[in-house]
Amino acid sequence: MSFLEIMGGSGRELRLSEKFFEINWGFILLLCVIAGIGFAMLYSVAGHHLAPWASSQMIRFGVGMGVLLIVALIDIRVWMDLAYPAYGAALLLLIGVEFWGAAGMGAQRWIDLGVVQVQPSEMMKIAMVLALARYFHGISMEQVSRPFYMLPPVLIIMVPVGLVLRQPDLGTAALLMIGGIGLWIVAGLNWKIIISGLALGLVAIPFGWGSLYDYQRDRVLTFLDPERDPLGAGYNIIQSKIALGAGGLWGRGFGQGSQSQLNFLPEKQTDFIFTMLGEEMGLMGTYGLLFLYLLVMGYGVAFALESRNHFGRLLAMGICITFFLYVAINVAMVMGLIPVVGVPLPLVSYGGTAMITLLFGLGLLMSVHVHRSIEVPRTSVGLW
Amino acid sequence: METKDHDRYKAFTRRTAIMSAGGMGVLATLFGRLYYLQVVKSAEYVGLADDNRMSMELLAPLRGRIFDRFGVELAANTKNFRVVLIPEQTESVEMSLDDLAKIIHISEGQRKKVLRAAARQRKFSSIIVAENLSWEDFARVNINGPSLAGIKPDAGVSRYYPFGPDLAHVVGYVAAVNEEEIGDDPVLSLPGFRIGKSGIERQIENELRGKAGSRQVEVNAYGKVKRELSRNEGVAGQDAVLTLDMELQSKAMQRLAGESAACVVMDIKTGDVLVLASTPAYDPNDFVVGIAQEKWDGLQKDKYKPQLNKTIGGEYSPGSTFKMVTALAALDAGVMSPDDYVFCSGSMYFGNRTWNCWKKGGHGALSMKNAVKHSCDIFFYEAAKRTGIDNIEKMARRFGLGSAYDFGMPEEKAGLVPSKGWKIANRGESWQQGETLNTGIGQGFLLTTPVQLAAMTARLANGGFAVKPRIFRSVGSDVYPSEESARINVPQRHLDVVLAGMNGVSNEPGGTAYGSRIWDKGMELAGKTGTVQVYSISKAERLAGIRKGEQLPWKLRDHAWFVAFAPVSNPRYAISVFVEHGISGSRAAAPVARDIMHEVLLKDPARIMAIPPVASGQIVRPALTRES
């Protein structure tokens, strides 16, 4: 089939130009505003210089926006057909990391594909949502809670979670697992199963503790008592809270945060950028950014609810849940509510793969919106 | 739309609503927590953030300088060209040192010190690699600077003693602070800070040190200073002006060179100490940078004791220079009159032993004046015997012997004047009459320092005023005037007897120091020799041909003393010279005293007139030549 057909340019389907107008430009603007806050923070942290972070972040955002628009224009059924292959590819790469991965920050996360270096665990966040949406779309609501039909989603979720834990990357594993289960619940999983699953999870905690790496246990213990090691593992949390608190209501001013500018705050351009925003822009800044995130998720839920195909609904909700988890985990982490795990703040933290992956995912969300009127049968539509 | 799909759509919408509510709940928690941190607890965290970023740094005060009476700088603060290494700016400290060693000399010891410091302290703080570089070396480091990773040329301030060994004992030196010395003043913990360890530097350490300044700086997480927030310069140390005359001091040091000796010159009226010379000496500048172990060992092992300031810290028997005290004690006690004669046959018998005069054949009948002139031992044995030890002790104390003057030299010793009570208390034995005789000629238990004998001579020459040595003219704005001295209650007619004797010693044929007289009219001195027996040559040695001190090992030779005042006609200066194991007062000490006193008199303002008064602290160096 031709490119035009993939873009949905044939028959009674929407033409490319029509789709273009279907894109929710308000949503796009919202993403640009959020990314803009990120640029400003990266500019500030570099001592009022675009280099080295802000400028390359802008380029990545530009590329990512392009990806988003292309993804949004591709027919939702194409994405449905690509769901399993995409998941399979991401899984292969994740296994590849086991053998050929490069280490960064004490964990194996990167793989070199010759042209680019990618983080398969990031790709898996989207691929898993695609695969689960595809799977739940294909079965009836009764089947969702039947033991035999429960096996595939368990595998879809747990295999990548297991692989990511081996890297080891606690944050991404948690995000994958909670995201996957969340989507399952939205798909209509029986409440009894949900509750008994939760109970089982509580029982499993002691065993899970035993399988953690030393540095992960350290993080959890430090989270429970940051003063345990104020210059070591607890340092990040203590300094982060000082920075947030020092920001107060109105902040210390752009470029004036002593905690950030004088390097007391670690990882301030990546995982702890929210803290820096809090120090320099105060409560107004942090509430403002969270409000913008809330708007993004509001859009997402609305896109999900207005879709006329179940795959689209599930896909939109899956992306929403993933996005929500990014925000919640990162913000809770920098405030010391949960242990320090490596989860970036979406669209704001400095980082290439996360930015592209996220905008890809938001592109899928937009695709759901653009193709909301298309009804899709349970089985593959056979565009291949 | 199929019914089943409809059902699951309804379920989906319901679940989505529940999920959204749950998500909102989580977000509400986050909003609440943010409010708690950024509003409720904000003030506390602002304080913590300021604690993080602000740091106080001490600024070392500039040390006060020390001048002589004419404003010559004796202890200076000089630019100290040094090279520092900052570990964080180089990949390998060792490689940087290797590169630097190609440009300037770096000893193995320095290298080890730097490596040890680099392992210990934080990466951004600089380590001093080499100090007190010559301008050439410093320039070479400057030129090559950019190619030397982590190496930085740096100009600091350090203590410098321009006269080196000539003043080592008086001014003393500063050196690095010991751990025990770090007290309340935080400035002492500053790296590279120096404090006075001996002499004047130690005596008025607090005045010289000044008050540390401070600056508040903003530091980053690694402790590196980013900018200065406020600065308080502190107070520089106070300058001190001494009574010393550096020119005379240097001449005295030159004259004493080669001997283990000491010389004190003081003004008999004001007590101003013009010369306080002790040889051999050491270079105090070595201590400022940290003395090398070999040099230190050398100083410690030297039998001439270069580290001892013999003028104030050396205690020696005064020998015959004490005879004036014995004479005055006898006159004071009324057991002798100036006109009494004593016959010296060369020996006398007392207390089961024979007491010999230094002159085998004896002096014949001697008046007191001539007894001083010839330094007859028999006369003073007789005088002491009649006077008694306790009267001698009292007279010695009136002349300042037996106690420290505490005039500003921290290492000063008190000496010893024995008495009956002292012996019982310290030796547990009763006093023997023979010991009185020994004391009468300045031997036995008696111990004096050169400065005490100079002051004793001054008190003889100034008409019996208890003048005290004075070393400080001023410290900062505090001027120390010379005090009005009390009388020591020795009548002038008594003094005149011994002064006449001293004049005889130097200016009359037959006097023990007639050979060391000053020829210049109006500049004559009057003195007294002293030779302190250290070891008596035994009969066996005598038979083996050892007759003279020169034949004995240095350690066993007699000590040589000479005390004098001048000019005889109108006394102004007193001098004492001590030559350790110098064999003979008249041969080893008197010529030295004569030469130094001659130099002093050449500069005497009363003689050359037209000397402008020098205010304390004023740096004026008038041309002081004989012609002016």
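For B:A414 and A:L212, FRET efficiency with R0 = 56 Å and r from the beta-carbon atoms, rounded to 0.05? Display every interim value, and only then the final one.
On the way: r = 76 Å, r/R0 = 1.36.
Rounded to the nearest 0.05, the efficiency is 0.15.
Can you give the accessible area buried between chains A and B, summed over both chains, with a 1.4 Å probe, in Å² to the nearest 100? Before the final figure, lay out each step's value.
On the way: alone 17330 and 30430 Å², together 43600 Å².
Heavy-atom accessible area buried at this interface is about 4200 Å².
First select every other residue whose beta carbon is under 11 angstrom from the beta carbon of B:G463; then total the charges, Lys and Arg +1, Asp and Glu -1. Please report the intermediate quantities before stating the final value.
Values: positive: B:K269, B:R459, B:R487; negative: B:D496.
Around B:G463, the charge tally is +2.
When you look at the Cβ of every residue in B:146-154, what mean number of other chain Cβ atoms sits within 10 Å? Walk me through the intermediate numbers first.
On the way: counts 0, 0, 0, 0, 0, 0, 0, 0, 0.
Neighbouring Cβ atoms belonging to other protein chains average 0 per residue here.
Which whole DSSP H helices in chain B pass both tests: a Cα extent of 27 Å or more along the axis and a mean Kyte-Doolittle value no lower than 1.6?
Details: long enough: B:3-35 (47 Å, -0.22).
Within chain B not a single helix satisfies the rule.
Determine the share of region B:221-368's accessible area contributed by carbon and sulfur atoms, expressed in whole percent, with a 1.4 angstrom probe.
On the way: 3080 of 6310 Å².
Carbon and sulfur together cover 49 percent of it.
Just give me a number: lysine pairs in region B:1-142, eight or more positions apart or cross-chain, with C-alpha atoms less than 23 Å apart.
Details: B:K79/B:K113; B:K102/B:K112; B:K102/B:K113; B:K112/B:K123; B:K113/B:K123.
Value for region B:1-142: 5.
Express the Stokes-Einstein translational diffusion coefficient of chain A in µm² s⁻¹, to the nearest whole number, given a Kirkwood radius over alpha-carbon pairs, 10 °C and a viscosity of 1.306 mPa s. Provide the component values of the computation, followed by the final result.
On the way: Rh = 21.7 Å.
Rounded to a whole number, D works out at 73 µm²/s.
List the GluC sites (Glu not before Pro) in region B:459-528 that DSSP assigns to loop (not H, G, I, E or B) and whose Cβ has at most 10 other Cβ atoms within 10 Å. Which are they? Let's see the in-between values first.
Values: sites: B:E483, B:E484, B:E524; in loops: B:E483, B:E484, B:E524.
Sparse-neighbourhood loop GluC sites (Glu not before Pro): B:E484.
Would you mind checking the tilt of helix A:54-73 against the longest principal axis of the Cα atoms of chain A, expressed as 0 to 90 degrees and rounded to 10?
In chain A, helix A:54-73 runs at an angle near 20 degrees to the longest axis.
Please identify every one of the chymotrypsin sites (Phe, Trp or Tyr not before Pro) in region B:460-563 that sits in a loop by DSSP and has no more than 16 other beta carbons within 10 Å of its own beta carbon.
Details: sites: B:F465, B:F472, B:Y514, B:W519, B:Y535, B:W554, B:W561, B:F562; in loops: B:W519, B:Y535.
Here the chymotrypsin sites (Phe, Trp or Tyr not before Pro) that fit, given the DSSP loop and packing criteria, are B:W519, B:Y535.
Return one number: the angle in degrees, 0 to 90 and rounded to the nearest 10, between the long axis of the Cα atoms of helix A:147-166 and the longest principal axis of the Cα atoms of chain A.
30 degrees
How about region B:1-108: which GluC sites (Glu not before Pro) there are in a DSSP loop, with at most 14 other Cβ atoms within 10 Å of their Cβ? Don't skip to the end; give the middle numbers.
Details: sites: B:E2, B:E44, B:E57, B:E73, B:E88, B:E91, B:E94, B:E108; in loops: B:E2, B:E91.
Here the sparse-neighbourhood loop sites are B:E2, B:E91.
Set the Förster distance to 51 Å, then compute FRET efficiency between B:S430 and B:S250 from the Cβ-Cβ distance, nearest 0.05.
Details: r = 50 Å, r/R0 = 0.97.
About 0.55, to the nearest 0.05.
Let me know the mean shielding of B:21-34 by other chains, meaning the per-residue number of their Cβ atoms within 10 Å of its Cβ.
On the way: counts 0, 3, 10, 2, 0, 8, 9, 0, 5, 9, 7, 0, 6, 11.
Across the residues of B:21-34, the mean count of other-chain Cβ atoms within 10 Å is 5.
Using a 1.4 angstrom probe on protein heavy atoms only, which residues from region A:249-294 are buried by at least 50 Å² of accessible area when all chains are present rather than their own chain alone?
Those residues are A:R252, A:L262, A:N263, A:F264, A:L283, A:Y287, A:L290, A:L294.
Which angle from 0 to 90°, rounded to the nearest 10, does the C-alpha axis of helix A:25-45 make with the longest principal axis of chain A?
Approximately 20 degrees, to the nearest ten.
Considering region B:246-608, what Rg and Dmax in Å follow from its alpha-carbon atoms?
Rg then Dmax for region B:246-608, in Å: 20.0, 66.
How much accessible area per residue does the protein assembly as shown have, counting only protein heavy atoms and a probe of 1.4 Å, in square angstrom? Walk me through the intermediate numbers first.
On the way: 43600 Å² over 1012 residues.
Solvent-accessible surface per residue comes out at 43 Å².
Tell me what chain A gives for mean residue ellipticity at 222 nm when only DSSP H runs of n ≥ 4 count, each as -39,500 (n - 2.57), the sum divided by the residue total, rounded to 500 deg cm²/dmol. Let's see the in-between values first.
Working: 16 runs with 263 residues, N = 384.
It comes out at -23000 deg cm²/dmol, rounded to the nearest 500.
How high is the relative contact order of chain A, in percent, counting Cα pairs under 8 Å that sit 6 or more residues apart? Before the final figure, lay out each step's value.
Working: 561 pairs, mean separation 96.2, N = 384.
Relative contact order comes out at 25 percent.
Of B:K251/B:K373; B:K468/B:K528; B:K385/B:K521; B:K420/B:K548, which pairs sit farther than 32 Å apart, going by alpha carbon to alpha carbon? Don't skip to the end; give the middle numbers.
On the way: B:K251/B:K373 29 Å; B:K468/B:K528 20 Å; B:K385/B:K521 40 Å; B:K420/B:K548 35 Å.
Too far apart for the 32 Å limit: B:K385/B:K521; B:K420/B:K548.
How well do other chains shield peptide A:184-192, expressed as the mean number of their Cβ atoms within 10 Å of each residue Cβ? Display every interim value, and only then the final one.
Numbers: counts 1, 5, 8, 4, 7, 2, 0, 0, 0.
Other-chain Cβ atoms within 10 Å of each residue's Cβ, averaged: 3.
If I histogram all Cα-Cα distances within chain B using bins 10 Å wide from 0, what percent of pairs lands in each bin?
3, 13, 20, 18, 13, 10, 7, 5, 3, 2, 2, 1, 1, 1, 0, 0
Could you tell me the extents of the protein assembly as shown's C-alpha atoms along the three principal axes, largest first, rounded to whole Å?
For the protein assembly as shown, the Cα spread along each principal axis is 155, 60, 52 Å.
Exposed loop trypsin sites (Lys or Arg not before Pro) only (DSSP loop, at most 15 other Cβ atoms within 10 Å): please give the longest stretch of chain A free of them, not including the sites.
A:16-307
The values are calculated or read from the model by the stated rules, or taken from the named source; none is laboratory data. The model shown is predicted, which means the values in this text are computed figures rather than measured ones. Because the Cβ atoms are built from the backbone with ideal geometry, glycine has one as well, and the counts that use them run over all protein chains shown. Surface accessibility is based on the protein's heavy atoms, side chains included, excluding ligands, DNA and RNA. Shrake-Rupley method; radii C 1.70, N 1.55, O 1.52, S 1.80 Å.
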